[in-house]
Structure formats: structure tokens, C-alpha cells
Amino acid sequence: SKEVWVKDYQAMMSMADVKIFDFKVYPGKIEGDKARVPNVLESQDRYVNTLGLTEHELYTLVREDGAWKVDSQILLEPAEIAKWIPSKPNSAAPPPPSH
């Protein structure tokens, strides 16, 4: 159930001493009943990100009964970051060259 999941997740985050300093969610790309949503996370924890490195994440959401739900989350490889996350937040892409 949702309540059990929340309690388990809170216990896990507390045990790992997770600290979230900041995050930025970028516009997602929808393809049918799936969406991919990039995120930049500034956090630190006791086990995985002990140095507090910036993490570039990609969430996959699925539409169920009209609502979007998180299906999975991965860390983006360095070569994939530019594909999903603009270099400057809220910046428009430059216009294509005119010929």
C-alpha cells in the first residue's frame, strides 16, 4: 500500500542520512502513455553520493487511470546530459541558420 511504501522509504532515507540541497525539474518529453522527465539533483547521502556530487537524473513516468506515475529513475551518462538538460535553465534554443 502507499502508506507502507512511504514509511519504508522514509526509514531508508533516514538511515542513509539523505540531504537534498536543491533540485530542478526540466520539461519532459511525452510519447503516448510514457513520459521522460529530466532532473538535476544536488544532494548527499551516507552510502552512494558521499561527496555531494550533482546528479543528472531521468525519470520515466507512465500514465495510469489518467494520472502520471513514476515507473523508474536512472542517472544520465555524461554523453546524454546535453540531450535532456539545457545548459542554461529557461534558455531558448537558438534559431536555425537561414539559407
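Some values worked out for this structure:
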{"quantity": "Residue match in region 59-68 (condition: in a loop (DSSP other than H, G, I, E, B), touching a strand residue (DSSP E or B) at 6+ places or on another chain (Cβ under 9 Å) and open to solvent by 70 Å² or more (accessible area, probe 1.4 Å))", "calculated": "no"}
{"quantity": "Residue match in region 42-56 (condition: under 17 Å from the mean Cα position of the chain (by Cα), more than 20 Å from Ala82 (Cα to Cα) and aliphatic (A, V, I, L, M))", "calculated": "yes"}
{"quantity": "Filter result (among the β-branched types (Val, Ile, Thr), at pLDDT 95 or above and either surrounded by 13 or more Cβ atoms within 10 Å (Cβ to Cβ) or more than 11 Å from Leu58 (Cβ to Cβ) (or both)) within region 69-86", "calculated": "Ile81"}
{"quantity": "First in region 22-41 and closer than 15 Å to Trp68 by Cα, second anywhere and assigned to a loop (DSSP other than H, G, I, E, B) and small (Gly, Ala, Ser), Cβ under 7 Å, 6 or more apart", "calculated": "Ala35/Gly28; Arg36/Gly28; Val37/Gly28"}
{"quantity": "Some residue of region 33-40 being at pLDDT 90 or above and open to solvent by 90 Å² or more (accessible area, probe 1.4 Å)", "calculated": "yes"}
{"quantity": "Residues of region 57-91 satisfying the condition of being over 13 Å from the mean Cα position of the chain (by Cα) and small (Gly, Ala, Ser)", "calculated": "Gly66, Ala67, Ala79, Ala82, Ser87, Ser91"}
{"quantity": "Some residue of region 50-59 being among the aliphatic types (A, V, I, L, M) and modelled with pLDDT of 95 or more", "calculated": "yes"}
{"quantity": "Test result for Ala11, in a helix (DSSP H, G or I) and of a type in the set (A, V, I, L, M, F, W, C)", "calculated": "yes"}
{"quantity": "Candidates Lys19, Lys2, filtered to the one that is out of contact with any Leu (no Cβ under 8 Å at 6 or more places or on another chain) and under 16 Å from Gly52 (Cα atoms)", "calculated": "Lys19"}
{"quantity": "Subset of region 14-28 [surrounded by 11 or more Cβ atoms within 10 Å (Cβ to Cβ), in a strand (DSSP E or B) and either within 14 Å of the chain's Cα centre (by Cα) or on the phi > 0 side of the Ramachandran plot (or both)]", "calculated": "Ile20, Phe23, Lys24, Val25"}
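The values are calculated or read from the model by the stated rules, or taken from the named source; none is laboratory data. In this text the structure is predicted, and so the values were computed from the model without any measurement. Cβ atoms come from the backbone with ideal geometry, glycine included; neighbour counts cover every protein chain shown. We work out accessible area using only protein heavy atoms, side chains counted, and drop any ligands, DNA or RNA first. Shrake-Rupley method; radii C 1.70, N 1.55, O 1.52, S 1.80 Å.
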